[in-house]
Amino acid sequence: MLTYALVAGVLFGLYFSLVGMGLNLVFGVMRIVNLAHGDVLMLGAFVALGVVALAGIDPLFAVPLAFMVFLLVGMLLYWVLVPRLQGSANPEMLSIILFFGLSQVVEAITTIFAGTSERSIQSRLLGTVFSTIKVQLFGGKPETGPIRILGQGFPAPWVIAAGTSLVAIGLVYVYLYRTRLGTLTRAVMSRRDEALASGIDVDRVSAAAFGIGLGLAAVAGVFAPFMFGSITPAFGADATVTSFAIVVLGSLGNPLGTALGGVVYGVCYMLVQTYLSSWADLLPYVLLILILLLRPSGLLGRRVRVA
Amino acid sequence: MPNAVKHVLFILVPLIAVFAVLPGLYQNHLLLFNFVTFLILAQGVNIIYGFTGYLPFGYVGFFGAGAYGFAVLVMHYQSPALVAVLAAGLVGVLLGLLLTPLLRLSGAYFAIANLAASLAVLHLVANPALEGITKGPYGVSLTGTFNPSHAYYAALVVLTLTVGGVVFLKNSSFGLALQAVREDSVSASMAGVNVVKMRIAAWLASALVAGLAGGIYAWYVSVFYPDNVFSGEFSIFAIVFALFGGVATISGPIIGVLILYGVYNLIGFTTPQYFQLIYGLLIMGLVLFLPAGLVSLATRRGWHVP
């Protein structure tokens, strides 16, 4: 029971890190609170639904598609919304309200086109690529059913989502620490005005970060139907609050801290779910408040609190 | 004539008079009550956001806590409605006191923490494990105290107090000090303003107002579920109404509620998703093109808006 909760917690936690990562990147670079984050997740799930419904192939193919589409959408959205917002008196506060409006628009449009019914994807469709390749190379039967870790069986989609999250986190690391644009991104994160003064094209860097943030959220969304069972257009709001809990847990403005925050969150969530299930709903909120009050910079953060 | 008297005579008195007379002329009593509720909440948001700069994204937490404070007192102690409304205000203040540590956070951190706090209160109240006290997710029914017209006048009294409070903030050195803290807390504290005390006072005042409004709402509707009284729409609407009119003014939030909530009821509820779409676009347009509210159209031309 305990082993199961712990391993499931780590698997969910890795996935949760991916859920929070994009939000953190956007906040870290632009000091903008993207309340529409959960709605991008929801749209990513609809990309996966579309890929399965139209092409009938493994939803894993939706991952690069969702990422590219939302990378472009993000950059476009950045140029439309953000420069105007930054010109106002209190951009951080107004961004909350602006992106709340955006999330309403997204939710409304999705509801108009897709209805309010719950949608899901058969979980055996995910990862059919792997089993097909395995069958072609090594022969044998395509195996279905749970994957065994430490003597316990876990649904295959959990393991695949966790694996994809690990890859995505690795890529974000490479982007931030091994590429020129990533170095510039970190410069903008630590001091926006000094970055501007030293000749960095802050708008271009921020637009890239915004696009990548949205892209990561959409990738996380592809797995949402498997991790949460089903998906509705109203799924976005809850996902946003959960993402915030994870991001703040890790530390706002430090995308790699989110990986730690996600795992801690996932393990706590599974433990509470296993032993005190009626209180599990309270966990993200209480955890969020406690962390904000006791260690507002997050588990790995520098001090950011003012007055 | 001092400004405070002018503000009371030309804004507060006509507003209350109109809403006191309207139930005799207009059939839809619930709609009028909702108008009064949102006027109270928008002014409550104005007190905390307009004068101190803290965005209470989970403002509904106080409202819902007030409603459940009212319900618990009526259900378990059979107390009269007025006493229960006062208790609801007290519950709001107590929750505010409990959450004062959040004021140490700034900017987005505060807004998110406040949102989380309101959701935590919701899940606490709606927890099936507490069914004996709050009836959990199954909702409460308070038929014993049901009296919409008394509740409506009680709401008017709270509205009077709230708008009166804003008139006071607008015309007193206390309100000026609060705005100084909002603009630059370090300079304000060097000028002798007790920053922490000021913020807590404004925070508790807005919590009190929302708690009272929640209690009266519970009295008025008498049957409700946790999801009704903790609906995020209360926070969002109150914030958007206040912003639309213009915060840190007396008339801004009033204009915002009258116009936007009026439009809301004209569009109607028949197709909620189209309504949500229009509303979302309206919010985005507001932030992008009119971030200081409708009153900024006048102040930009140099006209003074109370």
Check your understanding: Taking interchain pairs and intrachain pairs at least six residues apart, which have beta carbon atoms under 8 angstrom, with the first residue in segment B:90-112 and without any contact (Cβ under 8 Å) to a residue 40 or more places away in the chain and the second in a helix (DSSP H, G or I) and among the basic types (Lys, Arg)?
Key -> none
Revision key, fill the gap. Exception for B:Ile133 within (1) at pLDDT 85 or above; (2) more than 14 Å from every other protein chain (Cβ to nearest Cβ) falls at (1)
Check your understanding: Considering segment A:73-101 alone, what residues qualify as being outside any loop (DSSP other than H, G, I, E, B), exposed (fewer than 15 other Cβ atoms within 10 Å of the Cβ), over 21 Å from the mean Cα position of the chain (by Cα) and not β-branched (Val, Ile, Thr)?
Key -> A:Trp79, A:Pro83
Point to revise | helices (runs of 4 or more DSSP H) wholly inside segment B:1-110 containing at least 1 residues that are of a type in the set (Gly, Ala, Ser) and modelled with pLDDT of 90 or more | key: B:13-25, B:29-45, B:60-77, B:81-98
Revision key, fill the gap. Requiring at least 2 residues that are of a type in the set (Gly, Ala, Ser) and out of contact with any strand residue (DSSP E or B) (no Cβ under 6 Å at 6 or more places or on another chain), the helices (runs of 4 or more DSSP H) wholly within segment B:130-185 are B:148-171, B:173-183
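Would you tally the residues in segment A:39-56 being touching a residue at least 12 places away in the same chain (Cβ under 8 Å) and closer than 16 Å to A:Phe226 by Cα?
12
Could you say which residue among B:Tyr225, B:Tyr217 is more than 28 Å from B:Asn171 (Cα to Cα), over 13 Å from the mean Cα position of the chain (by Cα) and hydroxyl-bearing (Ser, Thr, Tyr)?
B:Tyr225
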Exercise for review: Please name all residue pairs, on different chains or six or more residues apart, with Cβ atoms under 7 Å, provided the first residue is in segment A:247-258 and is β-branched (Val, Ile, Thr) and the second residue is surrounded by fewer than 24 Cβ atoms within 10 Å (Cβ to Cβ).
Suggested key: A:Val248/A:Ile291; A:Val248/A:Gly298
Point to revise | Complete set of residues in segment A:156-175 that are aliphatic (A, V, I, L, M) and within 17 Å of the chain's Cα centre (by Cα) | key: A:Val159, A:Ile160, A:Ala161, A:Ala162, A:Leu166, A:Val167, A:Ala168, A:Ile169, A:Leu171, A:Val172
Check your understanding: helices (runs of 4 or more DSSP H) wholly in segment A:184-251 with at least 1 residues that are in contact with a Phe, Trp or Tyr (Cβ under 7 Å, 6 or more places away or on another chain) - which ones?
Key -> A:202-227, A:235-250
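Please specify each residue of segment B:179-223 satisfying the condition of being among the basic types (Lys, Arg) and under 18 Å from B:Val247 (Cβ atoms).
Across segment B:179-223, the qualifying residues are B:Arg182, B:Arg199.
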Exercise for review: Search segment A:201-231 for residues being in contact (Cβ under 8 Å) with a residue 24 or more places away in the chain and out of contact with any helix residue (DSSP H, G or I) (no Cβ under 8 Å at 6 or more places or on another chain), and hand back the single one that is surrounded by the most Cβ atoms within 10 Å (Cβ to Cβ).
Suggested key: A:Ser230
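Does B:Ile283 satisfy the criteria of being buried (at least 24 other Cβ atoms within 10 Å of the Cβ), closer than 28 Å to B:Ile112 by Cα, in contact (Cβ under 8 Å) with a residue 60 or more places away in the chain and within 10 Å of chain A (Cβ to nearest Cβ)? Step through it out loud before you land on a result.
Numbers: buried (at least 24 other Cβ atoms within 10 Å of the Cβ): yes; closer than 28 Å to B:Ile112 by Cα: yes; in contact (Cβ under 8 Å) with a residue 60 or more places away in the chain: no; within 10 Å of chain A (Cβ to nearest Cβ): yes.
So B:Ile283 fails the test.
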Review point. Condition test on A:Leu72, is it at pLDDT 90 or above, within 9 Å of chain B (Cβ to nearest Cβ) and in contact with a helix residue (DSSP H, G or I) (Cβ under 8 Å, 6 or more places away or on another chain)?
Key: no
**Study point:** Odd one out for A:Asn34 among (1) in a helix (DSSP H, G or I); (2) touching a Gly at 6+ places or on another chain (Cβ under 9 Å); (3) surrounded by 23 or more Cβ atoms within 10 Å (Cβ to Cβ); (4) within 14 Å of another protein chain (Cβ to nearest Cβ)
**Key:** (1)
Review point. B:Tyr138 fails exactly one of the following numbered conditions: (1) out of contact with any Asp or Glu (no Cβ under 8 Å at 6 or more places or on another chain); (2) more than 11 Å from chain A (Cβ to nearest Cβ); (3) surrounded by fewer than 19 Cβ atoms within 10 Å (Cβ to Cβ); (4) within 18 Å of B:Phe230 (Cα to Cα). What is the number of that condition?
Key: (1)
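From the list A:Gln136, A:Gln104, which one is surrounded by 13 or more Cβ atoms within 10 Å (Cβ to Cβ) and part of a helix (DSSP H, G or I)?
Selected residue: A:Gln104, the only one of A:Gln136, A:Gln104 that is surrounded by 13 or more Cβ atoms within 10 Å (Cβ to Cβ) and part of a helix (DSSP H, G or I).
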Review point. If you scan segment A:75-106, which residues turn out to be at the interface with chain B (Cβ under 8 Å from one of its Cβ atoms), without any contact (Cβ under 8 Å) to a residue 12 or more places away in the chain and not small (Gly, Ala, Ser)?
Key: A:Arg84, A:Asn90, A:Met93, A:Leu94, A:Ile97, A:Gln104, A:Val105
Practice item. Go through segment A:294-303 and count every residue that is at pLDDT 75 or above and at the interface with chain B (Cβ under 9 Å from one of its Cβ atoms). Key: 0
Practice item. Give segment A:107-127 a look and list any residue that's part of a helix (DSSP H, G or I) and more than 7 Å from chain B (Cβ to nearest Cβ), or say none. Key: A:Thr110, A:Phe113, A:Ala114, A:Ser123, A:Arg124, A:Leu125
**Study point:** Hey, A:Gly257 modelled with pLDDT under 75, surrounded by 18 or more Cβ atoms within 10 Å (Cβ to Cβ) and farther than 27 Å from A:Glu107 by Cβ or not
**Key:** no
Practice item. State the number of residues belonging to segment A:234-254 that are surrounded by fewer than 24 Cβ atoms within 10 Å (Cβ to Cβ) and out of contact with any Leu (no Cβ under 8 Å at 6 or more places or on another chain). Key: 5
Check your understanding: Does B:Val257 fit the bill of being closer than 25 Å to A:Glu92 by Cα and more than 14 Å from chain A (Cβ to nearest Cβ)?
Key -> yes
**Study point:** Filter result for B:Gly107 (surrounded by 18 or more Cβ atoms within 10 Å (Cβ to Cβ), away from chain A (no Cβ under 14 Å) and in contact with a helix residue (DSSP H, G or I) (Cβ under 9 Å, 6 or more places away or on another chain))
**Key:** no
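The values are calculated or read from the model by the stated rules, or taken from the named source; none is laboratory data. It should be emphasised that the depicted structure is a prediction, and the values quoted were computed from it without experimental measurement. We place every Cβ from the backbone using ideal geometry, glycine too, and count neighbours over all the protein chains shown.
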